[in-house]
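Here the structure is laid out as structure tokens; the discussion comes afterwards.
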Amino acid sequence: MKALYLLFIVGLLVACGSKQELDIVVGEWQLEEGPEGADTFEHWSKTSDNGYEGIGFTLRASDTVFVEHLRIFEKEGKWWYEAEVAHNDGPIQFEIKKIQADGFFAENAAHDFPKSIDYKVTEGKMQAVIAGEDKIIELVYNRVGQ
């Protein structure tokens, strides 16, 4: 019985991924094709074994024209992605449904847009696909300074 239980736990960990795989987003990222005349960045830091903080921002000349505060955290045995932007009343949380070696997938079906966020990191690039019912936005970032 112990062997069966151990096999189940190992299978569950393999299927869900591990929190160390979220370290892949840590660092400074610059959007490849941002708004004309502006530069867009995401910066992620690991704040604890169970949390990450990020900030997304767009600069036009020396003015900050857009800011979003981001978090990835564990709460009650589940992982969450949270985004807070000025046009929402408060932070919006997305449950992370899948963690893999190259990124993660998060979903909040009740939110208007986006309903899902999919991050993938490969060879110095980070791709974020933000999707809703009839709209998909693909953002490709390059790692800065590594």
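Worth pointing out:
- Segment 86-105, residues that are touching a Lys or Arg at 6+ places or on another chain (Cβ under 9 Å) and touching a residue at least 24 places away in the same chain (Cβ under 8 Å): 96, 99, 100, 102, 103, 104
- So residue 57, is it part of a strand (DSSP E or B), over 19 Å from residue 40 (Cβ atoms), among the aromatic types (Phe, Trp, Tyr) and without any contact (Cβ under 8 Å) to a residue 24 or more places away in the chain: no
- Restricting segment 88-129 to residues that are among the hydroxyl-bearing types (Ser, Thr, Tyr) and in contact with an Asp or Glu (Cβ under 7 Å, 6 or more places away or on another chain), the residue that is modelled with the lowest pLDDT is 122.
- Verdict on residue 142 being in contact (Cβ under 8 Å) with a residue 60 or more places away in the chain and among the polar types (S, T, N, Q): yes
- With respect to (1) under 16 Å from residue 121 (Cβ atoms); (2) in contact with a Gly (Cβ under 9 Å, 6 or more places away or on another chain); (3) surrounded by fewer than 16 Cβ atoms within 10 Å (Cβ to Cβ), the lone exception for residue 32 is condition (2).
- Some residue of segment 66-85 being in contact (Cβ under 8 Å) with a residue 60 or more places away in the chain, of a type in the set (D, E, K, R) and within 16 Å of residue 141 (Cβ to Cβ): no
- Hits in segment 24-73 - residues which are within 14 Å of the chain's Cα centre (by Cα) and of a type in the set (Asp, Glu): 28, 42, 53, 68
- The residues of segment 95-146 include none that are aliphatic (A, V, I, L, M), buried (at least 17 other Cβ atoms within 10 Å of the Cβ) and assigned to a loop (DSSP other than H, G, I, E, B).
- Selection status of residue 82, within 16 Å of residue 52 (Cβ to Cβ) and modelled with pLDDT of 95 or more: yes
- Qualifying positions in segment 18-38 - without any contact (Cβ under 8 Å) to a residue 40 or more places away in the chain and closer than 18 Å to residue 102 by Cα: 20, 23, 26
The values are calculated or read from the model by the stated rules, or taken from the named source; none is laboratory data. Small disclaimer: the values here were computed from a predicted structure and weren't measured. For neighbour counting, all protein chains shown are included, and Cβ atoms are generated from backbone atoms with ideal geometry for every residue, glycine included.
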